[in-house]
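Reviewing the structure listed below.
The values are calculated or read from the model by the stated rules, or taken from the named source; none is laboratory data. Keep in mind that this is a model prediction, so the values were computed, not measured. Here the Cβ positions follow ideal geometry from the backbone for every residue, glycine too, while neighbour counts run over all protein chains shown. The protein model used for the area step is the full one, side chains on, heavy atoms only, and it has no ligands, DNA or RNA in it. Shrake-Rupley method; radii C 1.70, N 1.55, O 1.52, S 1.80 Å.
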Amino acid sequence: MRIPQHLIDSAWETLEASIIQYNDRPVGTLAANDPAAPPLNYDQCFTRDFAVSALAFLMKGEVEIVRNFLTETLRLQSYDKQLDCFQPGQGLMPASFKVKCQGENEDLIPDFGEHAIARVAPVDSGLWWLLMLRAYVKASGDMALAHQPEFQNCIKLILDLCLTSRFDMFPTMLVADASYMIDRRMGVYGYPLDIQALFYIALRSAREVLLPEDDYIAVVDKRLSHLVYHLRYYYWLDMDILNEIYHYKVEEYGPTAINKFNIYPASIPEWLKEWLPEKGGYFAGNRGPGRMDFRFFTQGNLMAIICKLASEEQSQGIMDLIASHWDNLIGKMPMKLCFPALEGRDWEIITGCDAKNTSWSYHNAGNWPILLWLLAAGAQKTGRVDLAERALEMAIKRLYKDQWPEYYDGRDGRLIGKEARKFQTWTVAGVLVAHQLLNNPQHLRLVGFDEESTMLSCSVPIPF
Ligand code: GLC
(Lines give C-alpha, C1' and ligand atoms only; values in the text may rest on other atoms or scores of the structure.)
Protein backbone atom coordinates (compact mmCIF):
# COMPACT_ATOMS: atom_id res chain seq x y z
CA MET A 1 0.00 0.00 0.00
CA ARG A 2 1.31 3.45 -0.86
CA ILE A 3 0.10 5.58 2.02
CA PRO A 4 2.33 8.46 3.09
CA GLN A 5 3.14 8.22 6.80
CA HIS A 6 2.32 11.87 7.46
CA LEU A 7 -1.34 11.17 6.61
CA ILE A 8 -1.48 8.40 9.18
CA ASP A 9 0.31 10.57 11.75
CA SER A 10 -2.14 13.38 11.14
CA ALA A 11 -5.08 10.99 11.58
CA TRP A 12 -3.70 9.84 14.93
CA GLU A 13 -3.26 13.45 16.04
CA THR A 14 -6.86 14.19 15.10
CA LEU A 15 -8.14 11.13 16.93
CA GLU A 16 -6.12 11.96 20.02
CA ALA A 17 -7.41 15.55 19.97
CA SER A 18 -10.95 14.17 20.26
CA ILE A 19 -10.33 12.30 23.52
CA ILE A 20 -12.67 13.20 26.38
CA GLN A 21 -11.25 13.23 29.92
CA TYR A 22 -13.29 12.40 33.00
CA ASN A 23 -11.67 12.81 36.40
CA ASP A 24 -8.33 13.12 34.61
CA ARG A 25 -8.73 9.80 32.81
CA PRO A 26 -9.48 9.25 29.10
CA VAL A 27 -13.02 7.91 28.82
CA GLY A 28 -14.20 8.36 25.25
CA THR A 29 -13.99 10.45 22.08
CA LEU A 30 -16.09 13.35 20.79
CA ALA A 31 -18.31 12.54 17.81
CA ALA A 32 -16.83 15.51 15.95
CA ASN A 33 -14.43 18.31 16.68
CA ASP A 34 -15.48 20.83 14.05
CA PRO A 35 -14.99 24.44 15.23
CA ALA A 36 -17.06 25.75 12.31
CA ALA A 37 -20.29 23.83 12.94
CA PRO A 38 -22.82 24.10 15.81
CA PRO A 39 -22.02 21.25 18.18
CA LEU A 40 -25.64 20.01 18.77
CA ASN A 41 -24.75 16.69 20.40
CA TYR A 42 -21.59 16.09 18.36
CA ASP A 43 -19.61 17.20 21.41
CA GLN A 44 -20.72 14.02 23.16
CA CYS A 45 -19.27 10.53 23.11
CA PHE A 46 -21.57 8.25 21.11
CA THR A 47 -21.41 4.55 21.90
CA ARG A 48 -21.53 3.45 18.26
CA ASP A 49 -18.99 6.06 17.17
CA PHE A 50 -16.64 5.23 20.01
CA ALA A 51 -16.66 1.55 19.01
CA VAL A 52 -14.53 2.48 15.98
CA SER A 53 -12.19 4.66 18.08
CA ALA A 54 -11.96 1.78 20.56
CA LEU A 55 -10.80 -0.60 17.84
CA ALA A 56 -8.19 1.89 16.64
CA PHE A 57 -6.81 2.26 20.18
CA LEU A 58 -6.90 -1.46 20.93
CA MET A 59 -5.04 -2.30 17.73
CA LYS A 60 -2.39 0.18 18.78
CA GLY A 61 -2.10 -1.45 22.19
CA GLU A 62 -3.81 1.40 24.05
CA VAL A 63 -6.31 -0.44 26.18
CA GLU A 64 -6.86 1.98 29.06
CA ILE A 65 -9.32 4.32 27.34
CA VAL A 66 -11.45 1.36 26.31
CA ARG A 67 -11.42 -0.14 29.80
CA ASN A 68 -12.45 3.25 31.23
CA PHE A 69 -15.23 3.61 28.66
CA LEU A 70 -16.59 0.14 29.42
CA THR A 71 -16.44 0.66 33.18
CA GLU A 72 -18.09 4.08 33.12
CA THR A 73 -20.84 3.27 30.61
CA LEU A 74 -21.69 0.16 32.60
CA ARG A 75 -22.61 2.52 35.44
CA LEU A 76 -24.81 4.54 33.08
CA GLN A 77 -26.82 1.51 31.96
CA SER A 78 -30.51 1.79 32.75
CA TYR A 79 -30.66 -0.54 35.72
CA ASP A 80 -34.17 -0.60 37.15
CA LYS A 81 -37.19 -2.36 35.80
CA GLN A 82 -39.26 0.51 34.47
CA LEU A 83 -43.00 0.64 34.40
CA ASP A 84 -42.83 4.32 33.51
CA CYS A 85 -42.86 4.52 29.71
CA PHE A 86 -40.87 7.77 29.73
CA GLN A 87 -37.83 6.15 31.36
CA PRO A 88 -35.27 4.06 29.45
CA GLY A 89 -36.04 0.35 29.71
CA GLN A 90 -33.98 -1.92 31.92
CA GLY A 91 -30.71 -2.92 30.25
CA LEU A 92 -30.61 -0.09 27.70
CA MET A 93 -27.15 1.40 27.13
CA PRO A 94 -26.92 5.13 26.38
CA ALA A 95 -26.70 6.45 22.84
CA SER A 96 -24.19 9.01 24.07
CA PHE A 97 -22.89 10.77 27.17
CA LYS A 98 -21.19 14.01 28.08
CA VAL A 99 -19.06 15.21 30.97
CA LYS A 100 -20.68 17.94 33.04
CA CYS A 101 -18.69 20.03 35.49
CA GLN A 102 -20.51 20.79 38.76
CA GLY A 103 -18.17 23.06 40.68
CA GLU A 104 -15.17 20.91 41.56
CA ASN A 105 -16.90 17.70 40.54
CA GLU A 106 -17.53 16.09 37.18
CA ASP A 107 -20.56 14.01 36.25
CA LEU A 108 -21.31 11.81 33.28
CA ILE A 109 -24.72 12.60 31.82
CA PRO A 110 -26.16 9.88 29.56
CA ASP A 111 -28.64 10.38 26.74
CA PHE A 112 -30.84 7.41 25.89
CA GLY A 113 -32.30 9.19 22.91
CA GLU A 114 -34.58 11.46 24.93
CA HIS A 115 -32.66 14.54 23.69
CA ALA A 116 -31.83 13.22 20.23
CA ILE A 117 -33.45 14.58 17.07
CA ALA A 118 -36.77 12.72 16.73
CA ARG A 119 -36.16 11.04 20.12
CA VAL A 120 -34.77 7.83 18.65
CA ALA A 121 -33.87 5.03 21.07
CA PRO A 122 -30.46 3.43 20.44
CA VAL A 123 -31.07 -0.28 20.01
CA ASP A 124 -27.49 -0.77 18.84
CA SER A 125 -25.65 0.72 21.86
CA GLY A 126 -25.74 -2.44 23.95
CA LEU A 127 -24.73 -4.50 20.93
CA TRP A 128 -21.69 -2.31 20.24
CA TRP A 129 -20.86 -2.42 23.93
CA LEU A 130 -20.69 -6.23 23.84
CA LEU A 131 -18.52 -6.13 20.72
CA MET A 132 -16.15 -3.68 22.43
CA LEU A 133 -15.97 -5.70 25.62
CA ARG A 134 -14.95 -8.82 23.72
CA ALA A 135 -12.46 -6.87 21.59
CA TYR A 136 -10.96 -5.36 24.76
CA VAL A 137 -10.56 -8.82 26.30
CA LYS A 138 -8.95 -10.15 23.11
CA ALA A 139 -6.51 -7.25 22.93
CA SER A 140 -5.60 -7.06 26.62
CA GLY A 141 -6.10 -10.62 27.85
CA ASP A 142 -8.00 -9.09 30.79
CA MET A 143 -10.88 -11.55 31.04
CA ALA A 144 -11.02 -10.79 34.77
CA LEU A 145 -12.70 -7.47 33.97
CA ALA A 146 -15.50 -9.14 32.02
CA HIS A 147 -15.94 -11.76 34.74
CA GLN A 148 -16.58 -9.20 37.47
CA PRO A 149 -20.15 -9.52 38.78
CA GLU A 150 -21.21 -6.07 37.63
CA PHE A 151 -19.99 -6.79 34.09
CA GLN A 152 -21.76 -10.15 34.03
CA ASN A 153 -24.91 -8.41 35.21
CA CYS A 154 -24.62 -5.74 32.53
CA ILE A 155 -24.17 -8.38 29.81
CA LYS A 156 -27.25 -10.23 31.00
CA LEU A 157 -29.40 -7.12 31.17
CA ILE A 158 -28.50 -6.37 27.54
CA LEU A 159 -29.26 -9.98 26.59
CA ASP A 160 -32.59 -9.89 28.43
CA LEU A 161 -33.57 -6.83 26.47
CA CYS A 162 -32.77 -8.61 23.20
CA LEU A 163 -33.91 -12.13 23.92
CA THR A 164 -37.03 -12.03 26.07
CA SER A 165 -40.46 -10.35 26.22
CA ARG A 166 -41.23 -10.14 22.51
CA PHE A 167 -44.37 -9.89 20.44
CA ASP A 168 -43.04 -11.69 17.41
CA MET A 169 -41.64 -15.19 16.84
CA PHE A 170 -38.72 -14.77 14.45
CA PRO A 171 -35.07 -15.22 15.43
CA THR A 172 -34.32 -11.75 14.12
CA MET A 173 -34.73 -8.67 16.32
CA LEU A 174 -37.75 -6.42 15.81
CA VAL A 175 -36.86 -2.73 15.92
CA ALA A 176 -38.39 0.65 15.19
CA ASP A 177 -37.17 2.83 12.33
CA ALA A 178 -33.97 4.81 12.96
CA SER A 179 -32.75 2.74 15.87
CA TYR A 180 -29.07 2.51 14.93
CA MET A 181 -26.46 4.30 12.79
CA ILE A 182 -29.31 5.28 10.49
CA ASP A 183 -31.04 7.33 13.16
CA ARG A 184 -33.61 9.01 10.93
CA ARG A 185 -36.62 7.58 9.11
CA MET A 186 -35.31 5.48 6.24
CA GLY A 187 -37.68 2.50 6.12
CA VAL A 188 -35.33 0.47 8.29
CA TYR A 189 -37.98 -0.64 10.75
CA GLY A 190 -38.90 -4.27 11.32
CA TYR A 191 -35.94 -6.57 10.78
CA PRO A 192 -33.18 -4.49 9.12
CA LEU A 193 -30.09 -6.43 8.14
CA ASP A 194 -27.66 -3.94 9.70
CA ILE A 195 -29.15 -4.57 13.14
CA GLN A 196 -29.40 -8.33 12.64
CA ALA A 197 -25.72 -8.65 11.74
CA LEU A 198 -24.73 -6.51 14.71
CA PHE A 199 -27.05 -8.57 16.92
CA TYR A 200 -25.32 -11.71 15.71
CA ILE A 201 -21.83 -10.33 16.42
CA ALA A 202 -23.01 -9.15 19.85
CA LEU A 203 -24.41 -12.58 20.74
CA ARG A 204 -21.19 -14.25 19.65
CA SER A 205 -19.23 -11.71 21.70
CA ALA A 206 -21.45 -12.22 24.75
CA ARG A 207 -20.99 -15.98 24.78
CA GLU A 208 -17.21 -15.51 24.91
CA VAL A 209 -17.26 -13.12 27.86
CA LEU A 210 -19.96 -14.79 29.95
CA LEU A 211 -18.69 -17.07 32.69
CA PRO A 212 -18.15 -20.48 31.06
CA GLU A 213 -20.83 -22.32 33.05
CA ASP A 214 -23.48 -19.65 32.76
CA ASP A 215 -27.03 -20.73 31.86
CA TYR A 216 -27.31 -17.88 29.34
CA ILE A 217 -24.80 -19.58 27.04
CA ALA A 218 -27.22 -22.31 25.95
CA VAL A 219 -29.91 -19.70 25.26
CA VAL A 220 -27.49 -17.58 23.24
CA ASP A 221 -26.28 -20.61 21.25
CA LYS A 222 -29.81 -21.57 20.34
CA ARG A 223 -30.66 -18.08 19.16
CA LEU A 224 -27.42 -17.89 17.16
CA SER A 225 -28.23 -21.08 15.31
CA HIS A 226 -31.73 -19.95 14.37
CA LEU A 227 -30.52 -16.48 13.45
CA VAL A 228 -27.80 -17.73 11.12
CA TYR A 229 -30.20 -20.10 9.40
CA HIS A 230 -32.84 -17.41 9.01
CA LEU A 231 -30.47 -14.84 7.54
CA ARG A 232 -28.60 -17.19 5.22
CA TYR A 233 -31.82 -18.64 3.96
CA TYR A 234 -34.32 -15.80 3.84
CA TYR A 235 -32.16 -12.71 3.27
CA TRP A 236 -29.69 -13.98 0.67
CA LEU A 237 -30.16 -12.77 -2.88
CA ASP A 238 -28.40 -13.93 -6.01
CA MET A 239 -29.60 -14.63 -9.54
CA ASP A 240 -30.92 -18.11 -8.65
CA ILE A 241 -32.86 -16.80 -5.67
CA LEU A 242 -34.16 -13.83 -7.62
CA ASN A 243 -35.47 -16.27 -10.18
CA GLU A 244 -37.25 -18.19 -7.44
CA ILE A 245 -38.82 -15.03 -6.01
CA TYR A 246 -39.83 -13.95 -9.52
CA HIS A 247 -41.85 -17.16 -9.80
CA TYR A 248 -43.19 -17.26 -6.24
CA LYS A 249 -46.75 -18.36 -5.65
CA VAL A 250 -48.53 -16.12 -3.18
CA GLU A 251 -51.18 -16.38 -0.44
CA GLU A 252 -49.88 -19.78 0.68
CA TYR A 253 -51.33 -20.87 4.01
CA GLY A 254 -49.93 -23.29 6.58
CA PRO A 255 -46.70 -25.21 7.11
CA THR A 256 -46.12 -26.31 3.50
CA ALA A 257 -45.88 -22.73 2.20
CA ILE A 258 -42.72 -22.02 0.21
CA ASN A 259 -43.18 -18.27 0.03
CA LYS A 260 -43.34 -18.05 3.82
CA PHE A 261 -43.38 -14.26 4.02
CA ASN A 262 -45.87 -13.84 1.18
CA ILE A 263 -43.56 -11.70 -0.93
CA TYR A 264 -45.23 -10.59 -4.15
CA PRO A 265 -43.00 -10.98 -7.24
CA ALA A 266 -44.28 -7.62 -8.46
CA SER A 267 -42.42 -5.99 -5.56
CA ILE A 268 -39.06 -6.82 -7.17
CA PRO A 269 -37.72 -3.39 -8.20
CA GLU A 270 -36.78 -2.84 -11.83
CA TRP A 271 -33.24 -1.67 -10.99
CA LEU A 272 -32.41 -4.99 -9.36
CA LYS A 273 -33.17 -7.02 -12.48
CA GLU A 274 -30.29 -5.25 -14.24
CA TRP A 275 -28.03 -4.71 -11.25
CA LEU A 276 -27.68 -8.17 -9.74
CA PRO A 277 -24.53 -9.71 -11.25
CA GLU A 278 -24.32 -13.25 -12.61
CA LYS A 279 -21.56 -13.93 -10.11
CA GLY A 280 -22.05 -12.79 -6.53
CA GLY A 281 -24.91 -11.74 -4.32
CA TYR A 282 -25.78 -10.05 -1.05
CA PHE A 283 -28.08 -10.08 1.94
CA ALA A 284 -31.23 -8.05 1.34
CA GLY A 285 -31.82 -5.03 3.56
CA ASN A 286 -34.86 -6.36 5.39
CA ARG A 287 -37.38 -9.18 5.33
CA GLY A 288 -40.69 -9.41 7.11
CA PRO A 289 -44.34 -10.12 6.47
CA GLY A 290 -45.15 -9.25 2.85
CA ARG A 291 -41.93 -7.32 2.58
CA MET A 292 -38.47 -7.67 1.16
CA ASP A 293 -36.29 -4.58 1.09
CA PHE A 294 -34.02 -5.19 -1.88
CA ARG A 295 -31.63 -2.34 -1.12
CA PHE A 296 -27.99 -3.20 -0.43
CA PHE A 297 -26.83 -2.15 3.07
CA THR A 298 -23.09 -2.08 3.59
CA GLN A 299 -22.75 -2.41 7.36
CA GLY A 300 -24.83 -5.58 7.54
CA ASN A 301 -23.25 -7.27 4.54
CA LEU A 302 -19.65 -6.63 5.60
CA MET A 303 -20.34 -7.49 9.22
CA ALA A 304 -21.90 -10.75 8.10
CA ILE A 305 -18.57 -11.65 6.53
CA ILE A 306 -16.39 -10.89 9.51
CA CYS A 307 -18.49 -12.74 12.07
CA LYS A 308 -19.11 -15.75 9.81
CA LEU A 309 -22.80 -15.10 9.64
CA ALA A 310 -22.33 -15.43 5.89
CA SER A 311 -21.15 -18.79 4.58
CA GLU A 312 -17.81 -18.88 2.79
CA GLU A 313 -19.55 -18.83 -0.58
CA GLN A 314 -21.80 -15.94 0.44
CA SER A 315 -18.81 -13.98 1.77
CA GLN A 316 -17.01 -14.32 -1.56
CA GLY A 317 -20.25 -13.45 -3.32
CA ILE A 318 -20.57 -10.16 -1.41
CA MET A 319 -16.99 -9.20 -2.29
CA ASP A 320 -17.64 -10.15 -5.93
CA LEU A 321 -20.67 -7.88 -5.96
CA ILE A 322 -18.72 -4.99 -4.45
CA ALA A 323 -15.94 -5.50 -7.01
CA SER A 324 -18.35 -5.62 -9.92
CA HIS A 325 -20.26 -2.55 -8.73
CA TRP A 326 -17.24 -0.52 -7.68
CA ASP A 327 -18.59 2.71 -9.18
CA ASN A 328 -21.94 2.38 -7.44
CA LEU A 329 -20.77 1.19 -4.04
CA ILE A 330 -17.33 2.75 -3.66
CA GLY A 331 -17.15 5.47 -6.27
CA LYS A 332 -14.86 8.30 -5.23
CA MET A 333 -15.25 7.71 -1.49
CA PRO A 334 -15.70 4.32 0.13
CA MET A 335 -18.43 3.57 0.68
CA LYS A 336 -22.18 3.84 0.20
CA LEU A 337 -24.23 3.35 3.32
CA CYS A 338 -26.92 1.76 1.17
CA PHE A 339 -27.78 1.44 -2.50
CA PRO A 340 -29.74 2.73 -4.33
CA ALA A 341 -31.20 5.96 -2.94
CA LEU A 342 -34.88 6.42 -2.22
CA GLU A 343 -36.17 8.88 -4.80
CA GLY A 344 -39.33 10.82 -5.63
CA ARG A 345 -42.50 9.54 -4.03
CA ASP A 346 -40.57 6.80 -2.17
CA TRP A 347 -38.40 9.47 -0.56
CA GLU A 348 -41.49 11.50 0.39
CA ILE A 349 -43.34 8.63 1.97
CA ILE A 350 -40.50 6.62 3.50
CA THR A 351 -38.33 9.43 4.90
CA GLY A 352 -41.21 11.82 5.58
CA CYS A 353 -39.66 14.36 3.15
CA ASP A 354 -36.45 14.48 5.21
CA ALA A 355 -34.36 17.28 3.68
CA LYS A 356 -31.15 15.94 5.19
CA ASN A 357 -31.79 12.55 3.62
CA THR A 358 -32.45 13.65 0.03
CA SER A 359 -31.47 11.14 -2.65
CA TRP A 360 -27.77 10.25 -2.70
CA SER A 361 -27.08 12.21 0.46
CA TYR A 362 -26.38 11.33 4.11
CA HIS A 363 -28.13 8.09 5.12
CA ASN A 364 -30.03 7.96 1.84
CA ALA A 365 -27.15 6.47 -0.16
CA GLY A 366 -24.48 8.92 0.86
CA ASN A 367 -20.87 7.68 1.07
CA TRP A 368 -19.47 7.18 4.58
CA PRO A 369 -15.72 6.81 5.09
CA ILE A 370 -16.34 5.16 8.46
CA LEU A 371 -17.32 2.07 6.50
CA LEU A 372 -13.74 1.69 5.30
CA TRP A 373 -12.86 -0.34 8.36
CA LEU A 374 -15.58 -2.85 7.60
CA LEU A 375 -14.47 -3.04 3.99
CA ALA A 376 -10.91 -3.72 5.14
CA ALA A 377 -12.07 -6.35 7.63
CA GLY A 378 -14.29 -8.07 5.04
CA ALA A 379 -11.52 -7.96 2.46
CA GLN A 380 -8.98 -9.36 4.88
CA LYS A 381 -11.37 -12.14 5.88
CA THR A 382 -12.01 -13.20 2.28
CA GLY A 383 -8.45 -12.79 0.96
CA ARG A 384 -9.48 -9.82 -1.22
CA VAL A 385 -7.11 -7.30 0.34
CA ASP A 386 -6.40 -5.64 -3.01
CA LEU A 387 -9.95 -4.25 -3.08
CA ALA A 388 -9.66 -2.54 0.29
CA GLU A 389 -6.13 -1.29 -0.34
CA ARG A 390 -7.27 0.37 -3.53
CA ALA A 391 -10.19 1.99 -1.70
CA LEU A 392 -8.07 3.20 1.21
CA GLU A 393 -5.30 4.61 -0.99
CA MET A 394 -7.86 6.59 -2.91
CA ALA A 395 -9.78 7.80 0.14
CA ILE A 396 -7.10 8.88 2.56
CA LYS A 397 -5.62 11.72 0.52
CA ARG A 398 -9.01 13.26 -0.07
CA LEU A 399 -10.09 12.85 3.52
CA TYR A 400 -6.96 14.57 4.76
CA LYS A 401 -7.38 17.41 2.27
CA ASP A 402 -11.09 17.78 3.08
CA GLN A 403 -10.44 17.62 6.87
CA TRP A 404 -12.07 14.26 7.60
CA PRO A 405 -15.73 14.91 6.69
CA GLU A 406 -18.52 12.84 8.15
CA TYR A 407 -19.97 11.81 4.76
CA TYR A 408 -19.99 12.56 1.03
CA ASP A 409 -22.87 13.14 -1.38
CA GLY A 410 -23.73 12.25 -4.95
CA ARG A 411 -24.07 9.04 -6.92
CA ASP A 412 -20.34 8.47 -6.82
CA GLY A 413 -19.54 10.31 -3.59
CA ARG A 414 -17.58 13.20 -5.12
CA LEU A 415 -19.08 16.01 -3.07
CA ILE A 416 -18.43 16.67 0.58
CA GLY A 417 -21.73 16.01 2.36
CA LYS A 418 -24.01 19.01 2.38
CA GLU A 419 -24.29 19.09 6.17
CA ALA A 420 -21.22 17.01 6.93
CA ARG A 421 -19.20 17.87 10.00
CA LYS A 422 -15.42 18.16 9.52
CA PHE A 423 -13.04 16.38 11.87
CA GLN A 424 -15.61 13.65 12.36
CA THR A 425 -13.99 11.22 14.75
CA TRP A 426 -15.27 7.96 13.35
CA THR A 427 -14.12 8.98 9.86
CA VAL A 428 -10.60 9.29 11.24
CA ALA A 429 -10.86 6.17 13.37
CA GLY A 430 -12.35 4.19 10.47
CA VAL A 431 -9.34 5.02 8.32
CA LEU A 432 -6.92 4.09 11.10
CA VAL A 433 -8.62 0.78 11.78
CA ALA A 434 -8.68 -0.02 8.06
CA HIS A 435 -4.99 0.81 7.79
CA GLN A 436 -4.11 -1.35 10.79
CA LEU A 437 -6.21 -4.26 9.55
CA LEU A 438 -4.59 -4.19 6.14
CA ASN A 439 -1.09 -3.93 7.56
CA ASN A 440 -1.54 -6.66 10.09
CA PRO A 441 -4.19 -9.35 9.54
CA GLN A 442 -3.74 -10.45 13.17
CA HIS A 443 -5.90 -7.53 14.22
CA LEU A 444 -8.89 -9.22 12.66
CA ARG A 445 -9.17 -11.40 15.75
CA LEU A 446 -10.56 -8.41 17.67
CA VAL A 447 -13.69 -8.26 15.56
CA GLY A 448 -13.68 -11.49 13.59
CA PHE A 449 -14.69 -15.01 14.46
CA ASP A 450 -12.74 -17.88 12.97
CA GLU A 451 -14.96 -20.83 13.42
CA GLU A 452 -18.62 -21.12 12.84
CA SER A 453 -20.00 -21.45 16.35
CA THR A 454 -20.52 -25.13 17.29
CA MET A 455 -24.26 -24.84 17.01
CA LEU A 456 -24.34 -23.09 13.67
CA SER A 457 -25.18 -25.91 11.35
CA CYS A 458 -27.63 -24.85 8.70
CA SER A 459 -29.55 -28.07 9.23
CA VAL A 460 -31.20 -26.63 12.31
CA PRO A 461 -34.90 -26.78 11.59
CA ILE A 462 -36.97 -23.68 12.02
CA PRO A 463 -40.38 -24.00 13.54
CA PHE A 464 -42.41 -22.34 10.81
C1 GLC B 1 -25.50 11.15 13.30
C2 GLC B 1 -25.45 9.76 12.71
C3 GLC B 1 -25.23 8.74 13.81
C4 GLC B 1 -23.98 9.08 14.60
C5 GLC B 1 -24.06 10.52 15.12
C6 GLC B 1 -22.76 10.98 15.76
O7 GLC B 1 -26.62 11.29 14.13
O8 GLC B 1 -26.62 9.47 12.01
O9 GLC B 1 -25.13 7.46 13.25
O10 GLC B 1 -23.82 8.18 15.67
O11 GLC B 1 -24.33 11.40 14.06
O12 GLC B 1 -21.71 10.89 14.84
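Just check the chain against the gyration tensor rule for me: Cα atoms, a ≥ b ≥ c as the square roots of the eigenvalues, rounded for a/c under 1.5, and otherwise prolate or oblate depending on whether a/b exceeds b/c. Here the chain falls in the rounded category.
Full extension of the segment from A17 to Q148, taken as 0.36 nm per residue of separation minus the current Cα-Cα distance, would add 44.0 nm.
Remark: the K397-L272 segment gains 41.7 nm on full extension, using 0.36 nm per residue and subtracting the alpha carbon distance.
Ranking P405, P265, L438 by how far each Cα lies toward the positive end of the dipole of the chain (charges on Cβ) leaves P265 at the top. Residues in segment 421-428 carry Karplus couplings, in order, of 6, 8, 6, 7, 4, 6, 5, 5 Hz; the curve used is 6.51 cos²θ - 1.76 cosθ + 1.60 with θ = phi - 60°, and Gly or Pro positions show x. Classify segment 244-323: rounded, prolate or oblate, from the alpha-carbon gyration tensor (a ≥ b ≥ c, eigenvalue square roots; a/c under 1.5 rounded; otherwise prolate if a/b is larger than b/c)? It is prolate, given that a/c is not under 1.5 and a/b is the larger ratio. Taking the average, over residues, of other Cβ atoms within 10 Å as the packing measure, peptides 431-441, 368-378 rank 368-378, 431-441 from highest down. Modelled label positions at F261 and K332, each set 7 Å beyond Cα in the direction of Cβ, lie 3.5 nm from each other. In plain terms, the chain from R25 to T164 could stretch by 46.4 nm, reckoned as 0.36 nm per residue minus the Cα-Cα distance. In this simple spin-label model, placing a label point 7 Å from the Cα along the Cα-to-Cβ direction at both M239 and R445 gives a separation of 4.1 nm. In this calculation the C-beta distance from C101 to L174 is compared with R0 = 45 Å, giving a FRET efficiency of 0.65.
With a ≥ b ≥ c taken as the square roots of the eigenvalues of the C-alpha gyration tensor of segment 284-373, please select rounded if a/c is under 1.5 and otherwise prolate if a/b is larger than b/c or oblate if it is not?
Oblate, since a/c reaches 1.5 and b/c is not below a/b.
Counting only lysines at least 8 places from K81 when in the same chain, those with an alpha carbon closer than 25 Å to its own are K98, K156.
If we sort 271-277, 419-425 on the protection proxy, mean other Cβ atoms within 10 Å, highest first, what's the order?
Highest mean packing first, the order is 419-425, 271-277.
Residues R184, R287, R390 ordered from highest to lowest accessible area at a 1.4 Å probe: R390, R184, R287. When the listed pairs K397/K418; K381/K418; K138/K279; K260/K356; K279/K336 are checked against a 29 Å cut-off, the alpha-carbon distance exceeds it for K381/K418; K138/K279; K260/K356.
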